[in-house]
Each structure stands twice: as structure tokens, then as C-alpha cells.
Amino acid sequence: MGTTVLSLRIDGELLDRLRDHAAKRGMSVQDYVIGALMRDDFDQRFQTAVEETEKFYGVT
């Protein structure tokens, strides 16, 4: 499997929080974010977030 670049624009406060969490685990921010995305429960949490977003915006 190849790799692809994903670029995100986030505010400074969130980046600082990500740096803190990553540093506590001895990881880079990139590795920390990738790990978070790959967790076993990602699919469930993602689906819940989608459903909540749809409720918020009134999408049926």
C-alpha cells in the first residue's frame, strides 16, 4: 500500500494540545494523529459523529 498526503488546517490551540499529547507518548504529532485514526473504535466513533452532525444540520 502506498502513502498519500493529507493536509489539515487546525488552530494553534489544537496543535498545541496535539503536541502535548504526542510528547507525553514520545511520538511526533504525525504519528500521534495517525495512531488516533487507526484505533479499533474509530469506525464506531466516526459513525456516531456523522449521525450527530446530520442531526445538528438537519440532514436526513
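The values are calculated or read from the model by the stated rules, or taken from the named source; none is laboratory data. What you see is a predicted model, and the numbers here were worked out from it, not measured in a lab. For neighbour counting, all protein chains shown are included, and Cβ atoms are generated from backbone atoms with ideal geometry for every residue, glycine included. Accessible surface areas use protein heavy atoms only, side chains included; no ligands, DNA or RNA. Shrake-Rupley method; radii C 1.70, N 1.55, O 1.52, S 1.80 Å.
Quick notes
- In the stretch 19-60, residue modelled with the lowest pLDDT [restricted to those that are among the polar types (S, T, N, Q) and under 24 Å from residue 3 (Cβ atoms)]: 30
- Note on the chain: enclosed helices (runs of 4 or more DSSP H) holding 3 or more residues that are among the hydroxyl-bearing types (Ser, Thr, Tyr) are 42-57.
- Failed item, numbered, when residue 19 is tested on (1) in contact (Cβ under 8 Å) with a residue 12 or more places away in the chain; (2) over 12 Å from the mean Cα position of the chain (by Cα): (1)
- Boolean, residue 46 is under 12 Å from the mean Cα position of the chain (by Cα), open to solvent by less than 100 Å² (accessible area, probe 1.4 Å) and of a type in the set (Phe, Trp, Tyr): no
- Single condition residue 58 does not satisfy, out of (1) open to solvent by 70 Å² or more (accessible area, probe 1.4 Å); (2) out of contact with any Phe, Trp or Tyr (no Cβ under 9 Å at 6 or more places or on another chain); (3) not aliphatic (A, V, I, L, M): (1)
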